[in-house]
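Engineer: First the structure, then my questions, so here it is.
Just so you know, all these numbers are worked out from the coordinates, no wet-lab data involved. This is a predicted model, so every value here is computed, not measured. Because the Cβ atoms are built from the backbone with ideal geometry, glycine has one as well, and the counts that use them run over all protein chains shown.
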Amino acid sequence: MRHFVGLLSGLILGPLLVLLAGWAFTHLRGLYAVGLGALQGSGPLAVAGLVGAGLLVAMVAVPPRLTPMLPLGAALAVGSLSALSVWRMYLLERLPQLPGTEGALVLLPLGVFVPLVVVLAAPVFVGQRWRREDDEGPGEEEYFEGLYEDERDPRRTRSATESVPHTPRHRA
């Protein structure tokens, strides 16, 4: 179930990343046209949006306990938008105009998002991300930990140390 929810979340996250990058590009291009720098006017807001997008990509791609379907869904969405912009741009131009659409339509056919697609698709190939640690059960050392300590030699007499009740050392 976590893989399915991760895939759906990634399919929503991908276009949001493209729109955010397009929105920031539009703002920064407007500032450049007027002759202002990235730290003047609305530039800091656009740079903060790009930093937020970078942090979001890092939080999706890096954590080992997160399902790999989340970044894969985002990679599929961004990659398909990039491919669609190269082959059938008129389909993307028919989409409703949202903030950032104009900049995204400029950036998509240029291949700007291809490195992002590679970074987001990479966690699929890490085998440890497909299962949780909780699903593995006890390890070999934990399983055999107290196995031979409980056996008592019938020829021995009870000593003071053996009168203490045994408590298991493994998790329930």
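Engineer: Pick out, in residue order, every one of the trypsin sites (Lys or Arg not before Pro) in the stretch 1-79 that is DSSP loop and has at most 16 other C-beta atoms within 10 Å; say none if there are none.
Structural biologist: In loop regions of the stretch 1-79 (DSSP not H, G, I, E or B), the sparsely surrounded trypsin sites (Lys or Arg not before Pro) are ARG65.
Engineer: For GLU102 and LEU66 in the same chain, what is the full-extension length gain: residue separation times 0.36 nm, less their Cα-Cα distance, in nm?
Structural biologist: 9.7 nm
Engineer: Using the beta-carbon distance between ALA33 and VAL114 and R0 = 25 Å, what value does 1/(1 + (r/R0)^6) give for FRET efficiency, to the nearest 0.05? Write out the running numbers ahead of the final one.
Structural biologist: Numbers: r = 26 Å, r/R0 = 1.06.
Rounded to the nearest 0.05, the efficiency is 0.40.
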